[in-house]
Amino acid sequence: MGGTTNYTDYIKHFILVHGACHGAWCWYKIKPLLESSGHKVTVLDLAASGTNLKKIEDVDTFSQYSEPLLEVLESLPPNEKVVLVGHSLGGLNIALAMEKFPTKVAVGVFLTAFVPDTQHKPSYVLEKDLELIKCMIRPSSLFIEDLSQEKNFSKEGYGSVPHAFVVCTEDLAIPLEYQRWMIQNARINDVMEINGADHMVMLCKPKELSDCLQQIAAKYK
């Protein structure tokens, strides 16, 4: 055998970020699957989500909503890079984290998630699909007004971090056509697909998702 394989190169730190109206609980099938392969996994509740005690009425901005995630990124050692995974609205949370801490993120994985670009306001992908979203989750938790006033994500921050997208073919909340539009709009090249997966892919196809995330993570350091 030629050369020595460094096992630690394959061990990743995954940070899993839930979508609107969900919480860390939604990853309960994925976390042990990734950990059984030796990876470190962090799950968290965003503000006013899951077991987080804040009320959504007391969360004024998207940055405040994202604080639990930003605090985890800030606490990481300078030389540690993580794999950020954002589901649904969580795509915008990980985008904000990538913008603020680009050197701490190996890759941002958008799991059938809203994925912004650097050409438009962060609210753009939500506004394009607003009528669908109104039927899906509480409008008060989307922070569209706040996001529409924020600066575009920068090429130097968010745009400098590798992006990957996981397509779920049977997603009725964020339909396949809209997923593909966002992929094209954000110019994402690293795209994987889970056939037969609905919006809650972490519950309906946990093994396939775990394998998919590990395949993506292995490409980036």
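Read-outs throughout are calculated quantities, based only on the coordinates presented, and are distinct from any laboratory measurement. Just so it is clear, the model here is predicted, and its values are computed rather than measured. For neighbour counting, all protein chains shown are included, and Cβ atoms are generated from backbone atoms with ideal geometry for every residue, glycine included.
Data table
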{"quantity": "Inter-site label distance for I144 and K221 at 7 Å from Cα along Cβ, in nm", "calculated": "4.4 nm"}
{"quantity": "Positive-end extreme of charge dipole, the chain - chosen from T51, H13, G23 (charges on Cβ)", "calculated": "H13"}
{"quantity": "Stretch gain in nm, segment T103-D198, where the contour uses 0.36 nm per residue and the Cα spacing is subtracted", "calculated": "31.0 nm"}
{"quantity": "Extension reserve of the K151-L53 stretch, reckoned as 0.36 nm per residue once the Cα distance is removed", "calculated": "32.4 nm"}
{"quantity": "Residue (of L111, I144, W181) at the positive-pole extreme of the chain, dipole from beta-carbon charges", "calculated": "L111"}
{"quantity": "Pairs from K40/K100; K40/K151; K128/K155; K54/K207 whose Cα-Cα separation, in the structure shown, is over 29 Å", "calculated": "K40/K151; K54/K207"}
{"quantity": "Loop-located trypsin sites (Lys or Arg not before Pro) in the range 19-95 whose Cβ has at most 16 other Cβ within 10 Å (DSSP)", "calculated": "K29, K54, K55"}
{"quantity": "Per-bin percent of Cα-Cα distances, the chain [5 Å]", "calculated": "1, 7, 16, 20, 22, 18, 10, 4, 1, 1, 0, 0, 0"}
{"quantity": "Cα→Cβ-extended label distance, 7 Å offset, between K29 and I11, nm", "calculated": "2.8 nm"}
{"quantity": "Expected 222 nm ellipticity per residue - DSSP helices of 4 or more, -39500 (n - 2.57), all of the chain, to 500", "calculated": "-8500 deg cm²/dmol"}
{"quantity": "R0 of 30 Å, Cβ-Cβ distance D190-S75: FRET efficiency to nearest 0.05", "calculated": "0.65"}
{"quantity": "For the chain, size of Cβ-based charge dipole, Lys and Arg +1, Asp and Glu -1, in debye", "calculated": "500 debye"}
